[in-house]
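This report refers to the structure that appears directly beneath it.
The values are calculated or read from the model by the stated rules, or taken from the named source; none is laboratory data. Here the structure is a predicted model, which is why all the values come from computation and not from measurement. So basically every Cβ, Gly included, is an ideal-geometry build from the backbone, and we count neighbours across all protein chains shown.
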Amino acid sequence: MNIVETKGLKKYFKRKKQLIKAVDGVDIFIKKKQVTALVGESGCGKTTLAKTLLGFYNADGGRIILEDKDITRIRENYSFVRERIQIVFQNPSLSIDPRYTVFRTLLETLRVFKKVSIEMAKGTIIDFLNKAGLDETCLYLYPHQLSGGQAQRVSIARALINNPRVVILDEPTSNLDVSTTVKIIDLLAELKDKESLSYFFISHNLKLIAKVADYIFVMYYGKIVECGPKDILYRNPLHPYTKLLIEASEYKLKSAYIQGKSKEGCVFRGRCAIEKPHCEVEPEAKEVEPGHFVFCHYI
Ligand SMILES: Nc1ncnc2c1ncn2[C@@H]1O[C@H](COP(=O)(O)OP(=O)(O)OP(=O)(O)O)[C@@H](O)[C@H]1O
Ligand SMILES: [Mg+2]
């Protein structure tokens with residue numbers, strides 16, 4: 001069962017007369033109570049896709065469906081979306097207001113949907129801080145007084161405090177050290193079950209994705225190139241880009257990224273090992289085994 005779906009979703013930016021097709025005709029789905037992952041290297045459009053789902057940007061094409069409701073026209077659906085989808089960003093120091101204490105941050109969020117007195121709010125705030133593995137001692141601290149892990153826990157508490165159904169996790173641990181990452185990932189897994197959440201987990205780290213995901217979308221330059229259940233995708237990656245992602249080190253990916261601009265047709269042209277002339281035509285999705293789709297003419 002899908003809680004979120006997109007059909008042909010597009011978000012373009014204009015920069016110095018250049019059109020950047022950050023999200024270019026994307027079909028994804030987020031399954032209820034599962035971890036749906038989005039993987040792809042830096043700049044491929046992951047955050048733009050997340051922000052478009054949340055209504056931070058108006059889509060330039062396509063549709064977004066949330067719980068069977070078309071929410072593409074964001075102005076008309078703003079509170080419907082905000083009540084149901086929340087996001088945790090990579091860098092809490094950018095997403096938490098530095099002028100607010102932890103208490104105030106959570107109070108403001110709580111008051112977006114409910115009129116609550118400070119006294120009533122306090123109980124809820126402490127409850128969600130506890131859920132996120134923090135206690136009352138941090139209530140009146142400012143963001144700069146928190147460690148990276150603590151700040152990310154505040155972001156998690158803030159994302160959950162209005163009981164959303166879907167939480168987008170945009171590289172939630174990429175600013176954290178290894179041991180803090182493990183703790184935050186464990187916490188997210190625990191909260192997912194306790195609070196019946198569906199996650200959309202964005203990362204360029206395939207090792208992490210392998211740990212957390214149920215279903216994976218692989219994105220390249222604004223397009224999905226392959227998707228499938230985690231076990232199947234790791235056992236049988238088919239798209240040349242997915243194979244590269246699984247094999248390559250981060251260093252190779254970053255350097256390859258700069259070279260790999262493609263024009264018409266398959267988005268992976270110019271970087272693909274099995275490219276042929278027909279790749280000038282954009283490939284459609286092929287279902288190669290149940291739930292496993294690949295966008296390539298030669299698979
Ligand atoms: N507000 C914006 N205005 C103009 N261009 C943008 C804007 N936001 C993103 N872009 C461009 O859109 C493309 C996709 O960016 P996006 O941030 O979605 O990538 P990403 O996959 O999240 O990368 P990262 O892994 O580094 O976070 C990039 O070329 C980026 O420069
Ligand atoms: Mg991003």
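Annotation note: of 193, 214, the sole residue that is over 17 Å from the mean Cα position of the chain (by Cα), surrounded by fewer than 19 Cβ atoms within 10 Å (Cβ to Cβ) and either over 19 Å from residue 41 (Cβ atoms) or not hydroxyl-bearing (Ser, Thr, Tyr) (or both) is 193. Among the residues of segment 162-181, those identified as free of Cβ contacts under 8 Å to residues at least 40 places away in the same chain and closer than 19 Å to residue 39 by Cα are 173, 176, 181.
Among the criteria (1) part of a loop (DSSP other than H, G, I, E, B); (2) modelled with pLDDT of 95 or more; (3) not charged (D, E, K, R), the one residue 42 does not fulfil is (2). Quick check on segment 54-62. Is at least one of its residues surrounded by fewer than 16 Cβ atoms within 10 Å (Cβ to Cβ), within 16 Å of ligand 1 (Cβ to nearest atom) and under 29 Å from residue 161 (Cα atoms)? Yes, that holds for at least one residue.
Would you please name the residue that is nearest to ligand 1 (Cβ to nearest atom), looking only at residues in segment 26-37 that are of a type outside the set (Val, Ile, Thr) and touching an Asp or Glu at 6+ places or on another chain (Cβ under 9 Å)? Walk me through how you get there before you give the answer.
Residues of segment 26-37 of a type outside the set (Val, Ile, Thr): 27, 29, 31-34, 37.
When the remaining residues are screened for being touching an Asp or Glu at 6+ places or on another chain (Cβ under 9 Å), the result is 27, 29, 31, 33-34, 37.
Details: 27: 17, 29: 19, 31: 21, 33: 25, 34: 22, 37: 13 Å.
Filtering first and then ranking leaves 37.
Hey, does segment 27-39 have a residue that's outside any loop (DSSP other than H, G, I, E, B) and surrounded by fewer than 22 Cβ atoms within 10 Å (Cβ to Cβ)? Yes, because at least one residue in segment 27-39 is outside any loop (DSSP other than H, G, I, E, B) and surrounded by fewer than 22 Cβ atoms within 10 Å (Cβ to Cβ). Of all residues in segment 38-53, those being closer than 22 Å to residue 246 by Cα, over 10 Å from the mean Cα position of the chain (by Cα) and either more than 9 Å from ligand 1 (Cβ to nearest atom) or of a type in the set (S, T, N, Q) (or both) number 1. Pairs meeting the criteria (first residue in segment 84-97 and closer than 24 Å to residue 66 by Cα, second residue assigned to a helix (DSSP H, G or I) and modelled with pLDDT under 90, beta carbons under 9 Å, at least 6 apart or on different chains) are 87/95; 88/95; 89/95.
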